[in-house]
1. Can you run phi through the Karplus equation (6.51, -1.76, 1.60; θ = phi - 60°) for the range 227-236 and list ³J(HN,Hα) in whole Hz, with x for Gly and Pro?
2. Rounded if a/c is under 1.5, else prolate if a/b beats b/c, else oblate: with a ≥ b ≥ c from the C-alpha gyration tensor eigenvalues square-rooted, which is the range 189-313?
3. List every residue whose amide H lies under 5 Å from the amide H of Tyr455, counting only residues 5 or more places away in sequence or on a different chain, with H placed 1.01 Å from N in the peptide plane.
4. At 7 Å along the Cα-to-beta-carbon direction for both Arg159 and Val261, put a label point, then send me their distance in nm to one decimal.
5. Sort 265-275, 221-231 for me by packing, meaning the mean count of neighbouring Cβ atoms within 10 Å per residue, highest on top.
6. Take the alpha-carbon positions of the range 246-313, form their convex hull, and give its projected area averaged over all directions (one quarter of the hull surface) in nm².
7. D for the range 242-372, whole µm²/s, Stokes-Einstein with Kirkwood Rh over alpha-carbon pairs at 37 °C and 0.692 mPa s: what number?
8. How charged is the neighbourhood of Asp471? Take every other residue with its Cβ under 14 Å from the Cβ of Asp471, and add Lys/Arg as +1 and Asp/Glu as -1.
Amino acid sequence: MSVLVALNLTQDRWGLDRLREPATIGWIAAILFVVVHRQPAERIAALVARGECVLGHRRFFPVASGTMLAFLLLVSLTRHWSFQTFSHDFSVFDLALAPTGGGWLDSPILGGSFLAEHFSPVLLALVPLRAVVATPYLLVVLYPVVIWAAVFPLWRLLRGAGATLGSANLICLLFLNAPILVTSVEYGFHVEGLLPLGVLTLFLAHRSGCRAVFWLLVVGCLSIKEDVAFYLVGFAAYLALGERRWLRAAGVVFVSTAWLVLAVGVWMPAFGAPSDYRFLSRWDAWGDGLGGIVVGVGTQPLQLAATLSDRAVVELFVGLLFLPLASRWAWTLVLSPLLLNTTSGLPLQAGLGGYYGLPALGFAAMAAVVGVESPRFSTLAARPWRVWLVIAALVLSVSTACLVPHLGERPLQVLRPLDEIVADRVLLRFDDATWPFEPVEAAALAERLVASGEYLAEWVAPGFVFLARADTATARED
């Protein structure tokens, strides 16, 4: 990846925007390396033995996880530096956390509290941190770190489930390379990024017998977003059917249902949300209203089966070695996030794209832990063709989306205070979202440039001005 970045920076004609093509060449070369050997079976056996030795080393996990953290940080930063951050959503979160004088996560982009858009009170915990670290780079850096940190409870769960050191390291490596995880980092900060760490830590508290911590984490996960209540009902189904923990399962269902009813029916409207949950319209193709949607999903099994067998779902299971399906009841853990998201009428959500796949990835990792405990896992680990399944998972993981932003051409440049103005055109905002300027500074800069005669206001709108050099501008006002 570093080579591709260097080529993009030094050679403008190289448009190497992603790893898919170079990775394909690498896999073909690896196959040829094995096939042309006089005894391919021996070559494969030697490679497998070497791989098991590397994966089983006590330093593999810290080295691999540290490398992946650096990689995810680089992805997040280069996306931001190359102006590929999804600015609307990112600004919604960043301005809601910024100390702008409003209360309760007020967002100028939304024109009100973020809690009226989604009930995510967990964001309140980030407000003091955003006040101390007074820069949007807080979210640019925090997002990949929080997603990456989910690997630690996952590793402990796998070891507690009886996985060997090598198996636990391999599954964690596949988790960190999951296409869903990488593409979500590319998309930018969203509260769903907190969910894998939250639910895996919740499962660890459950397995460790920490009752008080478990219920605190249930509330903590529910505070991430209102739809988490639906996912935890699926978790409760596993507790009841897979572990026969009926009382705990009933408690999770009760708390989750009560939270969802209060969040949508009471708390969100108190912050200005309409009485009807506006995102429900994404599922209108299945029926009218909540009842109609439930009936529609339940009475169209063929369409539902086609939805749940989408390519993104298949890639999710292959990338985790089908372990979420290895146990009799492990699938109940991942059913809820898959059912809610893949049935959506929003294509990005239905395809588990961006951040929408993170709930499914978090619960699939939880299901993989249950799969490791299954006798089927021991059978799979002993099969000769296990290596091909691992290779397929690695191919899907490494040969995934656009991981290296194209940095050869940088037509846009962020303007900072005290910078010399040399551009032909300058876009300034002087109401709320003016970083890195203060609103007064941005307005003063616009006035100074126009007064100098070098620039004209080519386009003016409330809160914005688009300046162009006098010899190129065509002044107009909309």
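1. After applying 6.51 cos²θ - 1.76 cosθ + 1.60, I find 6, 4, 4, 5, 5, 6, 5, x, 4, 5 Hz.
2. Cα axes put the range 189-313 in the oblate bin.
3. Amide H neighbours of Tyr455, under 5 Å, 5+ apart: Ala470.
4. Result: 4.3 nm between the two label points.
5. For the peptides 265-275, 221-231, the packing ranking is 221-231, 265-275.
6. Hull-based average projected area comes out at 6.6 nm².
7. It comes out at roughly 201 µm²/s.
8. Here the count lands on -1.
Every read-out reported here was derived from the displayed coordinates using simple, explicitly stated rules and does not represent laboratory data. Since the structure is predicted, the reported quantities are computational estimates derived from the model, not experimental observations. FYI the Cβ positions are ideal-geometry reconstructions off the backbone, even for glycines, and counts take in every protein chain you see.
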